[in-house]
Structures are given as C-alpha cells and as structure tokens.
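Quick note: the coordinates plus some simple rules give every number you see, no bench work behind them. Computed from a predicted model, the values in this text were never measured in an experiment. Cβ sites come from the backbone with ideal geometry, for glycine too, and all protein chains shown count toward neighbours.
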Amino acid sequence: MGQAGSWAPGEEPDIAAGPSGQLVLAVVKKDGRLFTRTGAIGSGWSDFHQQGSGGWATASITVGSDGRYRLLATKKSGDLYYRIGTPGYEFVRMGQAGSWAPGEEPDIAAGPSGQLVLAVVKKDGRLFTRTGAIGSGWNDFHQQGQTGGWSTTSASSRH
C-alpha cells in the first residue's frame, strides 16, 4: 500500500472496522502528512485521502455506530485534533494547545450505542480520558491516576 519507504517508521498505522463491514485506515507519512483510506471486507480499498495540512505525529481511528469514522490525531507541536470523517467536517482542536505528547499515540474507541471514549497522554506523562456520545458532544477531560509516567495508550482491543 502506497510508495515503499514513505511511511513514518515507529508510527503504527491504525485500522478499524465498522458495524456494516466497512474498514478505515489511518497512517502518517515520514513528512508528517496524515492519510486515511476506506474499504470493505472482500471489496478492496479506496485511494488514500490526505487529512489536514501536515505536521502530524500520530493518529488513531474508529468507526461509530452511525458508520462514520472518527479520527483523533496529534501534531508534532503537541496539539490534539478530532475529526468526523464526513465531507464538511473540519478538524477541531481538543484541550490546551501544545500540551499533548506528540510521540504517544492517542486512542479512540466507539461503542455500539453511540458512546465514544478517547485516551491521550500529556507531555508531562499524565494520562487523560474523555467520553462523549455521537450527536451529543464531549464531556470534560479526566486525569487517570495521580502521577505521570504513562507512555502508551489503548482504549480499544486493537493492540
């Protein structure tokens, strides 16, 4: 998939399956560009689609109960962004600018009843989660544990 040697080493691609068998892939290239690709089990893949303007460090993706994908990504600057994967939706910055660890992949997961949960690590090593629901927005960030030292996150069973 894609040009050999163009993907960012150390950055894991992320893949999610939706309720109707659709697949979605998110991956960051060495030059900081973020791409998604959709498909269906047994039907092949679409072309890659660039997301945003570049400067990305990591990305995570899930498919909601409504069949639309949700993309969570950090920039190299430490900004965290969320986007619904439907034309007309733009990236929205979440939390304080520059405070998230760009080398730690955020994670996002969707439940069967429209609930969403994300997990992300701040630059100081503290772990935060945030919950929401499709069509209802997001609740506040909540710190998990009292100290830092977190280095990886996984809100779903994909790892």
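Couple of notes before you dig in:
- Placing R0 at 30 angstrom, the Cβ-Cβ distance between THR147 and SER113 gives a FRET efficiency of 0.35 after rounding to 0.05.
- For the chain, a simple Cβ point-charge model (Lys and Arg +1, Asp and Glu -1, everything else neutral) yields a dipole of about 160 debye relative to the Cα centre.
- Once the Cβ-Cβ distance of ASN139 and GLU90 is raised to the sixth power relative to R0 = 30 Å, the FRET efficiency obtained is 0.90.
- A dipole drawn for segment 26-159 from +1 and -1 charges on Cβ atoms has a positive end, and of PRO112, TRP100, GLY55 the residue lying farthest that way is GLY55.
- GNM top mover of ILE15, ILE134, ILE84 - the chain, alpha-carbon springs below 10 Å: ILE134
- Charge dipole of the chain about the Cα centre (unit charges at C-beta), most positive-ward option of GLY18, GLY78, TRP138: GLY78
- Viscosity 1.002 mPa s, temperature 20 °C, Stokes-Einstein D of the chain from Kirkwood C-alpha radius, µm²/s: 136
- Aspartates and glutamates with Cα under 17 Å of LYS30, excluding same-chain neighbours fewer than 8 positions away: GLU11, GLU12, ASP14, GLU104, GLU105
- Amide H partners (placed H, <5 Å) of LYS76, local residues excluded: TRP56, ALA57
- Ordering ASP14, ASP79, ASP31 by the number of other Cβ atoms within 10 Å of each residue's own Cβ, fewest first, gives ASP31, ASP79, ASP14.
- Estimated at 0.36 nm per residue, the fully extended path between THR131 and SER20 surpasses their Cα-Cα distance by 37.6 nm.
- The slack in the chain from ASP47 to LYS76, taken as 0.36 nm per residue of separation less the alpha-carbon distance, amounts to 7.9 nm.
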